[in-house]
Amino acid sequence: VQLQASGGGLVQPGGSLRLSCAASGRIFGLNAMGWYRQAPGKQRELVALITGGGSANYGDSVKGRFTISRDNAKRMVYLQMNSLKPEDTAVYYCYVEVWGNDYWGQGTLVTVSS
């Protein structure tokens, strides 16, 4: 399973970014897809997860600002990030669960700064 994330970059506070992640390889039994993030000096934390049926869960710090979605046919997961704050600065990692196994992408850096 390979995961390719894109869409990170530098944005001003209050701005928006959209992350995308494409899953490829032998993906049978693809279940949850989502995003985690890790800021410098901090542990990796959940940003958002979405099941194959479309049920979404969000980390408390992003509720109401971020929206996760997926396209099962394309094996894509997206993260729309609005009202970005400096504390959202982190490396964002794409995540998928396949038959109970966890897979991670290489990460994409999001920097929120004026």
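Details
- Segment LYS85..ASN101, full-extension length gain: 2.5 nm, with 0.36 nm per residue of separation and the alpha-carbon distance subtracted.
- Average accessible surface area per residue within the chain, 1.4 Å rolling probe, Å²: 53
- Candidate residues TYR95, TYR103: accessible-area rank, largest first, probe 1.4 Å: TYR103, TYR95
- Multiplying the residue separation of GLN4 and SER20 by 0.36 nm and subtracting their alpha-carbon distance yields 4.9 nm.
- Percent carbon-and-sulfur accessible area, the chain, ignoring ligands, DNA and RNA, probe 1.4 Å: 47
- Annotation for the stretch 67-114: trypsin sites (Lys or Arg not before Pro) lying in DSSP loop with at most 11 further Cβ atoms inside 10 Å of their Cβ are LYS74.
The values are calculated or read from the model by the stated rules, or taken from the named source; none is laboratory data. Bear in mind the structure is a predicted one, so any value in this text is a computation, not a measurement. In this analysis, Cβ positions are derived from the backbone assuming ideal geometry, glycine residues included, and neighbour counts consider all displayed protein chains. Areas reflect the complete protein model, heavy atoms only, side chains present, ligands, DNA and RNA absent. Shrake-Rupley method; radii C 1.70, N 1.55, O 1.52, S 1.80 Å.
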